[in-house]
Amino acid sequence: MPNAAANIRPQPGDALILVDVQTDFLPGGNLGVPHGDEVVPALNRYLAAFHARKLPIYATRDWHPRNHCSFQAQGGPWPPHCVADSPGAAFAANLHLPPETVVISKAQRAEQDAYSGFEGTDLDARLKRAGVRRVFVGGLATDYCVLNTVRDARKLSYDVFLLTDGARAVNVQSDDGRKAEEEMRRLGARPIEFQQLAA
Ligand SMILES: [Zn+2]
């Protein structure tokens, strides 16, 4: 991983990956993440920075059928959320996704869940085609889909920056988010905040 502060600046070979910044994961949504709305203004700053530099932007989304296996009615752990084409599955209304954003839908089949944006999608192929080597990852939630997306990104040998100001945890156990961050750090992901890009 690069260490010089200047190398944090988004540059060719970099991509922004926003994980599941969807209405159902915001406070008041069907599976609201505490303080999940706080990621939106933070991620808007990253979006503007990547858009201005014409760097690729990917937004993953849960896109479930009504009878998805992760829902409690089917014996899964979660209340129904992010049902395809429902208002709750929409990206956060105040998230400023530029038109070139590539949307990556995941867990679209009833019998399969996917916490990682790489699981069952063409995200890796798209990143490779775009010549991406470093990914900046934020979104919801730190201890589930962000964690699993970062795990896979590291397995696939991408350099990873974790956007700590642009991610929040569910914290089913109160320190789940902290533990997830520790694991991502251990895997080689580098936690950053937006002001470091401008430094
Ligand atoms: Zn889901």
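Here are a few things to note about the model shown:
- Taking the numbered list (1) farther than 23 Å from residue 135 by Cβ; (2) without any contact (Cβ under 8 Å) to a residue 24 or more places away in the chain in turn, residue 54 passes all entries but (1).
- Across the stretch 1-24, the qualifying residues are those that are open to solvent by 40 Å² or more (accessible area, probe 1.4 Å) and modelled with pLDDT of 95 or more, and the one among them that is nearest to the ligand (Cβ to nearest atom) is 23.
- Candidate set from the stretch 98-138 (those that are free of Cβ contacts under 8 Å to residues at least 60 places away in the same chain and of a type in the set (A, V, I, L, M, F, W, C)); member that is farthest from residue 71 (Cα to Cα): 125
- Pairs where the first residue, in the stretch 25-40, is among the hydrophobic types (A, V, I, L, M, F, W, C) and more than 16 Å from the ligand (Cβ to nearest atom) and the second is open to solvent by 40 Å² or more (accessible area, probe 1.4 Å) and part of a loop (DSSP other than H, G, I, E, B), C-beta under 6 Å, 6+ apart: 40/94
- Answer residue from the stretch 106-126, given it is within 13 Å of the ligand (Cβ to nearest atom) and basic (Lys, Arg) and is farthest from residue 139 (Cα to Cα) among those: 109
- Scanning the stretch 65-95 for residues that are surrounded by 15 or more Cβ atoms within 10 Å (Cβ to Cβ), away from the ligand (no atom under 14 Å from the Cβ) and not aliphatic (A, V, I, L, M) yields a single hit, 91.
- Here residue 138 fulfils each of the conditions (1) within 12 Å of residue 20 (Cβ to Cβ); (2) within 11 Å of the ligand (Cβ to nearest atom) apart from (2).
The values are calculated or read from the model by the stated rules, or taken from the named source; none is laboratory data. Only a predicted model underlies this, so the values are computations on that prediction, with no experimental measurement involved. Methodologically, a virtual Cβ is constructed for each residue, glycine included, from the backbone with ideal geometry; neighbour enumeration extends over all protein chains shown. Accessible surface is based on the protein model in full, side chains and every heavy atom, while ligands, DNA and RNA are left aside. Shrake-Rupley method; radii C 1.70, N 1.55, O 1.52, S 1.80 Å.
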